Amino acid sequence: MLGEFEYLLLSAAARLGDGAYGAAIRRGIEGATKRRCSIGALYTTLDRLEAKGLVRSWMGDPTPQRGGRPKRMVRVTGSGVREAKAFYDAVSRASQGVGWATDRARGLS
């Protein structure tokens, strides 16, 4: 089963579609979690997901905005989609019957 950060990375990459590359994925994760995402953690996890066959990456064309450096583009594979869905389904099942908002409203957070 995926870890939380792996799921966040897959979700951000899937949401970005053809525009998925390291910095954009990082911004997507930070926007969703409201937490800082280190670039080292991002690329370590990206390498791990690629080794598992859950993403595919390649170097895009160099861009003037990046000083002529290419972007590492990312695409979620079919296996990545299945693993992300399995993670989401497991979290949804585990959360059934839990009233987080109600508990928080009662001061149990």
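The values are calculated or read from the model by the stated rules, or taken from the named source; none is laboratory data. Just so it is clear, the model here is predicted, and its values are computed rather than measured. Here the Cβ is made from the backbone with ideal geometry for all residues, glycine too, and neighbour counts use every protein chain on show. Note: areas computed on protein heavy atoms with side chains; ligands, DNA, RNA excluded. Shrake-Rupley method; radii C 1.70, N 1.55, O 1.52, S 1.80 Å.
Among S38, P64, W100, flag the residue with its Cα farthest along the positive direction of the charge dipole of the chain, charges on Cβ as +1 for Lys/Arg and -1 for Asp/Glu.
P64
Looking at the range 1-73, which trypsin sites (Lys or Arg not before Pro) are in a loop (DSSP not H, G, I, E or B) and have at most 11 other Cβ atoms within 10 Å?
Of the trypsin sites (Lys or Arg not before Pro), the ones in loops of the range 1-73 whose Cβ has at most 11 other Cβ atoms within 10 Å are K34, R35, R36.
Considering only protein heavy atoms and a probe of 1.4 Å, how much of the accessible area of the chain is carbon and sulfur, as a whole percent?
Values: 3790 of 6970 Å².
On the chain, the fraction of accessible area on carbon and sulfur atoms equals 54 percent.
Once you charge only the Cβ atoms, +1 for Lys and Arg and -1 for Asp and Glu, what is the size of the charge dipole of the chain about its Cα centre, to the nearest 20 debye?
Approximately 260 debye in magnitude.
Quick one: which residues, 5+ away or cross-chain, put their amide H under 5 Å from the amide H of A20? H built at 1.01 Å from N.
Residues meeting the amide H criterion: V74.
For every other residue with a beta carbon closer than 11 angstrom to the beta carbon of D61, add +1 if it is Lys or Arg and -1 if Asp or Glu, then tell me the sum.
Taking every Cβ under 11 Å from that of D61, the sum is +3.
So how far apart, in nm, are the two label points at D61 and D18 if each is 7 Å from Cα heading toward Cβ?
About 1.2 nm separates the two model spin labels.
Using a Förster radius of 22 Å, what is the FRET efficiency between R93 and F5 based on their Cβ-Cβ separation? Nearest 0.05, please.
Efficiency, from the Cβ-Cβ distance: 0.60.
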